[in-house]
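Below is one structure, written out as structure tokens, with a few remarks after it.
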Amino acid sequence: MRTLKRSRLANGLQNESLGGLNGLLEDLKINLSKAQRLLLMTDGSVTTLLEVMTGRPIVVTTLLQQVVRADTERAAALDVEEGDTLNYRVVVLKNEDGDRPLIYAESYTPIARLQKEFRHDLMKADIPIGRIMTQRKIESRREIRRIETTLNEELSELFDVPHDVAMLSRTYDIISHHMVLIRITETFPSTSFRQIAMESP
């Protein structure tokens, strides 16, 4: 997937204060709505947040899932050995009763760190990662690594927006037992979630 333009990045944001993250969002030079800020800054389940925002259940559609080998960059990011097996998953989150994608997400997961049941759910079923972790009672925390804007023609077509509409994305780690369990990048158009009334699902 070709990234055409990139804003300032912020790397290694673990344990950042709320003020630090707010400052990072200001660096994007985009007037963000409250809903967009929540989606970029939350340390909880994005699936649950989307359900509250839209008032409807959220489902996952898997676009691609395959086992890949960790290259030098991925190995360093995930603290694994180069050549270790990773589960690469590309999904869209959308409302159960609609076809319009709300969030596009890519994730890399070191397979050796997954419990058997978690691995089965992640690799064989269209279930949001946060929901899998809740069902399997896996304790974890999220650490934001990067927030950025990009222009991306393929994602523009996926979301059915003009090619000059900036995409907002964040990359974060789900950490369990002091190890990176999953690295996720979530992306949505800067024109989405601009006027959403917070509702109860």
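A few points about this structure:
- Interchain or long-range residues, amide H under 5 Å from Ile103's placed H: Leu93
- As a length-normalised measure over Cα pairs under 8 Å and 6 or more apart, the relative contact order of region 77-183 settles at 25 percent.
- Sparse-neighbour loop sites [GluC sites (Glu not before Pro); region 27-89; at most 14 other C-beta within 10 Å; DSSP]: Glu81, Glu82
- Reported value for region 79-133: 95 Å³ per residue, from the convex hull of its C-alpha atoms.
- Taking θ as phi - 60° and the Karplus parameters 6.51, -1.76 and 1.60, the scalar couplings of region 126-139 work out to 8, 10, x, 4, x, 5, 4, 5, 5, 5, 8, 6, 9, 7 Hz in sequence order, x denoting glycine and proline.
- The relative contact order of region 5-189 comes to 24 percent, based on Cα pairs under 8 Å that sit 6 or more residues apart.
- For region 53-70, backbone phi angles converted through the Karplus equation (6.51, -1.76, 1.60; θ = phi - 60°) give residue-by-residue couplings of 5, 9, x, 9, x, 10, 10, 10, 10, 7, 8, 7, 8, 7, 8, 10, 9, 6 Hz, Gly and Pro being listed as x.
- Stokes-Einstein D for region 100-188, Kirkwood Rh over Cα pairs, 10 °C, 1.306 mPa s (µm²/s): 111 µm²/s
- Cα gyration tensor, region 5-189 - rounded (a/c under 1.5), prolate or oblate: rounded
Only the coordinates and a few stated rules stand behind these numbers; no lab work does. This structure is a prediction, so every number in the text was calculated from the model and none was measured. Cβ: placed from backbone, ideal geometry, glycine included. Neighbour counts: every protein chain shown.
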